[in-house]
Every structure is written in C-alpha cells, then in structure tokens.
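Working notes, structure below.
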Amino acid sequence: MKARLLWIVTLTFLIVQSMVLVVPLPSTHAATSSEYGYDDSQVPAKYKQAYHDYVDYDDQLEPLQEYEQIALTIFKENKKFKASDHRSSYVEITGIALPNYKKFVKGVQKVYTPNKDLARMHKIYVKGANYQLQGMLLFQKYLSTKKLDPSISKKANTQLAIANKLLTQFHKEMNAYTAKFSY
C-alpha cells in the first residue's frame, strides 16, 4: 500500500513539475496585418485577394500554434528515453503533449479556408496533423506497458513519417502560395 501511495505521489509530482516547466514558445507564423500594421500597398493588385485570404487564414491558425509547440517540444524531449525509466516519458506525453496536440488538431479542423487553394492545402495540413496525432497516440501506447513492444514503436514511427511527409508538402505549397505577394 505504501509503495502504491509513493508511486501516485511521484506521478503527481512529475505531472505538476512538467506543467510548471513548460514555457509557451513564440509563434512560427508570419505576423498579421492587424498585429503589426502591415498593409497590402506593396502587394501586386492581382494578388491582393490572395494576400487577404492568407492573412485571414493565418489569423485563425496563430492562436493554435502555442498548443502545437508545447506538444511537439514535450514529445521530442520524451521520444528518446532510457528503457528503465520510460514511465516519466509516458507521464509527460500523456499529461502534456497529447492534450495540447488534441486541442491543436481540433482547432485546425475548425479553421475556415477563404479560397480553394488554401482549402486544398489545408486538407493536407489537417491530414498531416491527424497522422501525427495517431503516431503520438501509438507512441503513448508503446510507453504504457512495462515490457516495451518494438512493433508498436515501429507503427508509431510509420505514422509520424507519413505526417512529416504531408506537413512538409503543406509548408512547401504554402511557401509557394505566399511567394506571390511576399515583399
């Protein structure tokens, strides 16, 4: 009974300690027109609508980036662990990374896309985020047992590789889209 109580107290301490150590990271998205007074005066006339659509789209994504950054930071920190001490990684992924990434995915799924090009790219983004979430959930499952099953880790890595491919594709296409009106 004392060992079980000690285990519960230790897990609670680790969860609380992990939450205290997480510092929000700055957004990786470009600043929006409303935040920094950007205007479209230097955007060629034929791309002004695309520019405004992008700003609207980016404004919706910006508040979600904090969830993604926290989740990915914790996940990356805990992806490499000692086999003898994988429980602390499990606790941080379960208590911090997954709840934040689930909020991120749920928010991304609700984003409105103002034009067909952004809608097409956004579908890739949502699909990549969902594959990443599935990979993270499989990795959590991998860490949840005393005896680690390498086949679950392999499945998780497969999901994460697919996610990486889709998210890279999204970023390349988005860079091409914004290159039209970047100055």
For SER153, the accessible surface traced by a 1.4 Å probe with all protein chains present amounts, in square angstrom to the nearest 10, to 20
Using r as the Cβ-Cβ distance of LYS123 and GLU77, and R0 as 25 Å, what FRET efficiency do you calculate, to the nearest 0.05?
0.25
Check cross-link reach from LYS180 to the aspartates and glutamates: straight Cα distance under 18 Å, and skip same-chain residues fewer than eight apart.
ASP39, ASP40, ASP53, ASP56, ASP58, ASP117
Computed accessible area, GLU77, all protein chains, 1.4 angstrom probe, square angstrom
110
Under the Karplus relation 6.51 cos²θ - 1.76 cosθ + 1.60, θ = phi - 60°, what is the ordered set of whole-Hz ³J(HN,Hα) values for the range 158-173, x standing for Gly and Pro?
5, 4, 5, 5, 4, 4, 4, 4, 5, 5, 5, 4, 4, 5, 5, 5
Projected label distance in nm at LYS102 and GLN169, using a 7 Å step from Cα toward the beta-carbon:
2.8
Can you list residues from other chains, or at least 5 along the same chain, whose modelled amide H is less than 5 Å from the amide H of LEU148?
none
Determine the gain in length on full extension of the stretch LYS116-SER151; use 0.36 nm per residue of separation and subtract their C-alpha separation, reporting nm with one decimal.
8.6 nm
For the full complex of protein chains and a 1.4 angstrom probe, list TYR54, TYR177 by accessible area with the highest value first.
TYR54, TYR177
Greater than 20 Å apart at Cα, pairs in LYS48/LYS127; LYS46/LYS127; LYS79/LYS154; LYS76/LYS172
LYS48/LYS127; LYS46/LYS127; LYS76/LYS172
For ASP40 and ALA176, compute 0.36 nm times the residue count separating them, minus their Cα-Cα distance, and round to one decimal in nm.
47.2 nm
May I ask you to list the trypsin sites (Lys or Arg not before Pro) in the range 76-135 that are in a DSSP loop and have at most 13 other Cβ atoms within 10 Å of their Cβ?
LYS80, LYS82, LYS110
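The values are calculated or read from the model by the stated rules, or taken from the named source; none is laboratory data. Keep in mind that what you see is a predicted model, and the values were worked out from it rather than measured. FYI the Cβ positions are ideal-geometry reconstructions off the backbone, even for glycines, and counts take in every protein chain you see. Keep in mind that these areas ignore ligands, DNA and RNA; they rest on the heavy atoms of the full protein, side chains included. Shrake-Rupley method; radii C 1.70, N 1.55, O 1.52, S 1.80 Å.
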